[in-house]
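Okay, structure first, notes after.
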């Protein structure tokens, strides 16, 4: 089941150096495309938004986490993930034009994320949500895809809420270590990067919950593929 990812920069209008933000975004999008195979590679669309499409939701979830970590602390990001059929119009244009339940589901999800940011404190850490419209037939001329399992969206959103809150509570070093850990760097390499001991890296990963986040991502991928 294809998964559409729509993303947006949080509060970028108030960042003094918007050129640096845009350059950082382009670099991060390219890096994530190298790490996570995409059906439709990540690309900027309009304003501070960007989009991509993945063959399965596990890849979309991983891409959203990697991209957020790559852009922090320069700027934070929010994501809407959508399940359902998607049609790409004029694939050679940039950005591509997309339609279908999957795309509109992702739009609905990112709108929900934005709305939660202005609510009670317990909801402000939300950065990613998923909406499932896989049961809606679309498009008529495309091969039919089986609908997502019942309850998948609720389970994934539970994972995403906890994941995003954990990342929000991390310090900058912990976020860098988590990113390196997810990209497969060894603790020795991370220690050299940070100028600390390997033991300090191991302790920092444990205290921040990075081990659990990586294991949860791996478990998600193994379950959904």
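Here, each number is a calculation from the coordinates, and none is a lab measurement. Source: prediction; values computed, not measured. Ideal geometry is used to build each Cβ from the backbone, glycine not excepted, and the neighbour counts take in all protein chains shown.
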message: Only counting other Cβ atoms within 10 Å, I'd like 13, 107, 163 sorted with the fewest neighbours first.
response: 13, 107, 163
query: What ranking do 76, 8 get, fewest neighbouring Cβ atoms within 10 angstrom at the top?
result: 76, 8
- prompt: Roughly how many nanometres apart are two label points built 7 Å out from the Cα toward the Cβ at residue 34 and residue 20?
  reply: 2.2 nm
message: Could you check the spin-label model distance between residue 99 and residue 154? Points 7 Å from the Cα along Cα→Cβ, value in nm.
response: 3.4 nm
query: Taking Cα atoms, how many degrees apart are the long axis of helix 172-182 and the longest axis of the chain, rounded to 10 and kept between 0 and 90?
result: 60 degrees
- prompt: Quick one: length gained pulling residue 13 to residue 197 fully straight, 0.36 nm per residue minus the C-alpha distance?
  reply: 62.4 nm
- prompt: What ranking do 43-54, 60-71 get when scored by the average of other Cβ atoms within 10 Å per residue, highest first?
  reply: 60-71, 43-54
- line: At 25 °C in a medium of viscosity 0.890 mPa s, segment 170-225 has a Stokes-Einstein diffusion coefficient, with Rh taken as the Kirkwood radius over alpha carbon pairs, in µm² per second, of 214 µm²/s
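Please give the length that would be gained between residue 74 and residue 107 if that part of the chain were fully extended, namely 0.36 nm times their separation in residues minus their C-alpha to C-alpha distance (nm, one decimal). All intermediate terms of the calculation are to be shown ahead of the outcome.
Details: separation 33, 0.36 × 33 = 11.88 nm, distance 2.42 nm.
Taking 0.36 nm per residue and subtracting the Cα distance, the gain is 9.5 nm.
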task: Give the angle, between 0 and 90 degrees and rounded to the nearest 10, that separates the Cα long axis of helix 57-71 from the longest principal axis of the Cα atoms of the chain.
output: 50 degrees
task: Measure nothing but the geometry: give the 0 to 90° angle between the long axis through the Cα atoms of 18-35 and the longest principal axis through the Cα atoms of the chain, rounded to 10°.
output: 80 degrees
